1. Please state which one of Leu354, Leu280 is open to solvent by less than 30 Å² (accessible area, probe 1.4 Å) and part of a loop (DSSP other than H, G, I, E, B).
2. Would you confirm whether any residue within segment 20-35 is modelled with pLDDT of 90 or more and touching a Phe, Trp or Tyr at 6+ places or on another chain (Cβ under 8 Å)?
3. Across segment 312-329, what is the total count of residues that are on the phi > 0 side of the Ramachandran plot and touching a residue at least 60 places away in the same chain (Cβ under 8 Å)?
4. Identify the residue in segment 177-187 that is under 22 Å from Phe328 (Cα atoms) and free of Cβ contacts under 8 Å to residues at least 60 places away in the same chain and, among all such residues, is least open to solvent (accessible area, probe 1.4 Å).
5. Out of all the residues in segment 79-88, which are assigned to a loop (DSSP other than H, G, I, E, B) and either within 19 Å of the chain's Cα centre (by Cα) or not acidic (Asp, Glu) (or both)?
6. So for segment 325-332 (the condition being open to solvent by 70 Å² or more (accessible area, probe 1.4 Å), out of contact with any His (no Cβ under 6 Å at 6 or more places or on another chain) and not in a loop (DSSP other than H, G, I, E, B)), does at least one residue qualify?
7. Given the conditions (1) aliphatic (A, V, I, L, M); (2) open to solvent by 70 Å² or more (accessible area, probe 1.4 Å); (3) closer than 21 Å to Leu365 by Cβ, and given that Leu207 satisfies all but one, which numbered condition is not satisfied?
8. Could you figure out which of (1) of a type outside the set (A, V, I, L, M); (2) crowded, with 19+ Cβ neighbours inside 10 Å; (3) over 25 Å from the mean Cα position of the chain (by Cα) isn't true of Ser74?
Amino acid sequence: MKNIKRFSIITTIALVLLVFNSCDDSSEKFEIGTPDAPVLQELNFARLELDAVNTNNPAVTLNWAEANYGQQASVNYSIEFSKTEDFAESTVATTVTGKTSVTLSVSEVNTAAGNAGLNPFNWENVYIRVNASLGTQDSQKVPSNSVLLEVYPYFNYTFNDYYLVGDATAPGWDNNNNNPALFRDPNDANRYFYTGFWAENGHFKVLSTPGEWQPQYGTDDGTTVGANLGGGTDPERFPYGGGNGIPAGFYTFEINFATNTFSFEAFDASGKTSPASLTLKGSSTTDITMNTLAFDGHIWYAKDVKLTPGNVEFETGAGAKWGSSTSFSGVATDGGGSIPVVVEDNYDVWFNDLTGRYILIPLNL
């Protein structure tokens, strides 16, 4: 028995030493030297006009020789677009893993070109390269050579639009009843405003698409924005969720979709009168008479109007001309200049004479 115990102890010590020696062995470490960069093949064409109709069609196929990391590894490749050859600012069109070829659709190239800073409806140069990396952290990045392509993008409308619904607002709880649009901040595409009259004991929510209940935005705690983007649970109503709603009056509602915060504050509308009439004028259109909401005479609109590249202003019956320098949305002032219209389409146009805020919403982009 003593010999058996002695043997057991010796065996245990030997196993422990074997484990420690194995853990200390670094002979199988995965080591990478300086990798060889991928080599992107030149394109067999120099100009690419993007078709705004057949956006899912293939636009360009990129091929490259794979990067060499000196070890057998699955390599990630990101396709980068830049307006400048040094790629000081760039955007990623798509990513693939373990492949040395990718085909981009017309829509993907147009989006990447727009995100890289190319203007629509102009021939402009874009530089394309492949950036190789390893693992989920995209480590050991190494870029390929770049190829130059002259591209003619169509317009890429990158903004979101939002609308009011609820018994505190003009359409009531009808999601397709000329629902007033929120006015987007021209300097921050995540901030939206609405200043106007709100009904007694009312509540409201925000919708993304007239006629659709989702995506839908509200609040469950009276402070932060809650959302049902589709298939989830609807949030409670603004501004306080439950309760008896708000007293009738003029308020400013502000919502920030980046911070998921909102505010709802009283607005002094005393002494502010609406113009007797308002006309949308300019080189982009024939004169269009704008209408007011019966619910709130400070909110003006013109629905589904054709605008061509050029400019517009809001002209009152007294001859005041309200405008600004920012397209799609902004804050107009009397004598503020013409609002640029950069792309032809049918638009819903909204204007608030309390604040000068306007928004031009393209219906087909």
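The values are calculated or read from the model by the stated rules, or taken from the named source; none is laboratory data. This structure is a prediction, so every number in the text was calculated from the model and none was measured. As a convention, Cβ positions derive from the backbone with ideal geometry for all residues, glycine included, and neighbour counts pool all protein chains shown. With ligands, DNA and RNA removed, areas are computed over all heavy atoms of the protein, side chains included. Shrake-Rupley method; radii C 1.70, N 1.55, O 1.52, S 1.80 Å.
1. Numbers: Leu280 fails: part of a loop (DSSP other than H, G, I, E, B).
Every option except Leu354 fails the conditions.
2. No, because not a single residue in segment 20-35 is modelled with pLDDT of 90 or more and touching a Phe, Trp or Tyr at 6+ places or on another chain (Cβ under 8 Å).
3. Count: 1.
4. Our first condition is that a residue be under 22 Å from Phe328 (Cα atoms); within segment 177-187, this holds for 178-187.
Okay, now just the ones that are also free of Cβ contacts under 8 Å to residues at least 60 places away in the same chain, so 179, 187.
Details: Asn179: 11, Asn187: 141 Å².
Across segment 177-187, the extreme among qualifying residues is Asn179.
5. Answer for segment 79-88, where residues must be assigned to a loop (DSSP other than H, G, I, E, B) and either within 19 Å of the chain's Cα centre (by Cα) or not acidic (Asp, Glu) (or both): Lys83, Thr84, Phe87, Ala88.
6. No; the residues of segment 325-332 include none that is open to solvent by 70 Å² or more (accessible area, probe 1.4 Å), out of contact with any His (no Cβ under 6 Å at 6 or more places or on another chain) and not in a loop (DSSP other than H, G, I, E, B).
7. (2)
8. All conditions pass for Ser74, except number (2).
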